[in-house]
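The values are calculated or read from the model by the stated rules, or taken from the named source; none is laboratory data. Just so it is clear, the structure is predicted and the values come from calculations on it, not from any experiment. No Cβ is skipped: glycine too gets one built from the backbone with ideal geometry, and neighbour counts run over all protein chains shown.
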Amino acid sequence: MSKPNRNTKKAAQGKARPVAPKAKKTQVSKKVKSAPAKKTLPQKKPIPSKKPAPKKPAPKKVTKKAPPPKPAVKKPAAKATPPKKAAVAKPAPAPSKPAPKPVAKTAKTPVATKPTAAKPPAPKPAAAPAVAAKATAAPAPAPAKPAAAKATPAPAPAKPAPVPAVSAAKKPATAAPPVEVVAAPPPPPVKRVPAQPLPPPGPTKSGALFYDSHMHTPLCKHAWGEPEEYAQQAVKAGLKGIIFTCHCPMPNGFWPTVRMAESEFDTYLALVQRAADAFKGKLDIRLGIESEYFPGCEEYITALHQRADFHYVLGAVHWQAKEYLNKFETGTIENFRRTYFEHLAKSAESGLYDCLAHPDLVKNYHPDSWCFAIVKNTVSAVLDRIAATGVAMELNTSGLNKSYSEMNPGLEMLRMMADRKIPVVLGSDSHKAVRVGEHFVTALNHLTEAGYENVSHFLNRQRIDLKISDVLASLKKAADHNA
């Protein structure tokens, strides 16, 4: 009976013995596991220090892209705030590349370089260095363009601008009184009439050589007949060509009953072009304008002259306008006439005109009291100023049909013009077709008597001088040929 007991004891002992070592093994394994855990703890300690820093979006990208500088991470962990300063100092990425700096600074440089890559997603920091970016970086010209666009329209009103100066001139138009006309808004631009080629120099087959450079259309509201009728009369008169110079539109309702309206300007261009096409090869028909001079309207007139290819711009001071009388008829008759001549000189000095129309028109103001000797000294000084500009003056034959029946100017003033070698252009100032070329032979004789040898006309705003003797011969020859 003892034997089985031994076996059982041995079995019990054998079972007990392996159990003990198993327990020991488990304890050892636990100790082994705890030992490496203790080693990893110092590595995990800096990790929680990093976690508060990556709360911001920018540092997260920095930590991800900066695995190499792990040994130096301890310092930036304490300096988690400086990345803000590095973001402010964004203009310094260029010097940071070539300059080798200590470890503390090198840790800052990757922070500065990486927010540069993060600039596109973060528009807020880009607002501060926008000024520096314009000067250094290439993408900055995009924001610089709107700044330049804002600066360019400023000179335009001075343009003009133009355009500067158009838009800029609209302001004075609103506050312009009807009597004292201030710079008015220039009219809207229109399609320019293409300039016709100039005719060959010299007389035509019929012998015609000269032009009548002043006539009107029904658009001025005090002329009769279509442009083709004026052209037909010019052929009979032995002329080579004519230039229509209808009264120009004016701003602020200035004397509207004697001129085309602003809305009729295109119609005027079309009328002249229609007549030119109808008489092509028979008569040279050109586009001109009788352009008003009134103080304060210079800007409007300047813009008006740019709206078409005018061959001839005739300046005119009309004392009859109510606006002119209301503003300048303040003293004696003689003083009013002196004011008129003063404005005649200013119109020449403005540089807006090729020629001055009917230069002594003011003698029809109280014609019974007109005496040239009273204003002669004034006229002499005015002619000196006009001669200095090189602007031509007109001998207007329609003066014979006015209240003071004499050409404009009279013979005495014409002599004074000849003494100063002021060029002269002939114009009939026709408001009816039958008056085209009227009294031209008499006018040419007056010029010869006053001391002139040449007479002029304009094409493409260039003066062409002809001998008076040749013009007289051409008028007779062409008239006989066309009779």
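Output the number of residues of region 229-277 satisfying the condition of being within 37 Å of the chain's Cα centre (by Cα) and charged (D, E, K, R). Show your work before the answer.
Initially, region 229-277 is screened for residues within 37 Å of the chain's Cα centre (by Cα), giving 241-277.
Narrowing the set further to residues that are charged (D, E, K, R) leaves 259, 262, 264, 266, 274, 277.
Count: 6.
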Point to revise | Which listed residue is modelled with pLDDT of 95 or more and touching a Phe, Trp or Tyr at 6+ places or on another chain (Cβ under 9 Å), from SER430, SER398 | key: SER430
Practice item. Scan region 278-335 for residues that are among the small types (Gly, Ala, Ser), under 23 Å from the mean Cα position of the chain (by Cα) and within 24 Å of PRO409 (Cα to Cα) and report the count. Key: 1
Review point. Could we say that ASP419 is at pLDDT below 95, over 30 Å from ALA308 (Cβ atoms) and not aliphatic (A, V, I, L, M) here?
Key: no
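Give the residue, chosen from SER291, SER347, that is crowded, with 23+ Cβ neighbours inside 10 Å, not in a helix (DSSP H, G or I) and not hydrophobic (A, V, I, L, M, F, W, C).
None of the other options fit; the residue is SER291.
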Review point. If only one of ALA231, ALA223 is closer than 19 Å to ASP429 by Cβ, in a loop (DSSP other than H, G, I, E, B) and modelled with pLDDT of 95 or more, which one is it?
Key: ALA223
Review point. Do you know which residues across region 268-286 are of a type in the set (D, E, K, R) and either crowded, with 18+ Cβ neighbours inside 10 Å or part of a helix (DSSP H, G or I) (or both)?
Key: ARG274, ASP277, ASP284, ARG286
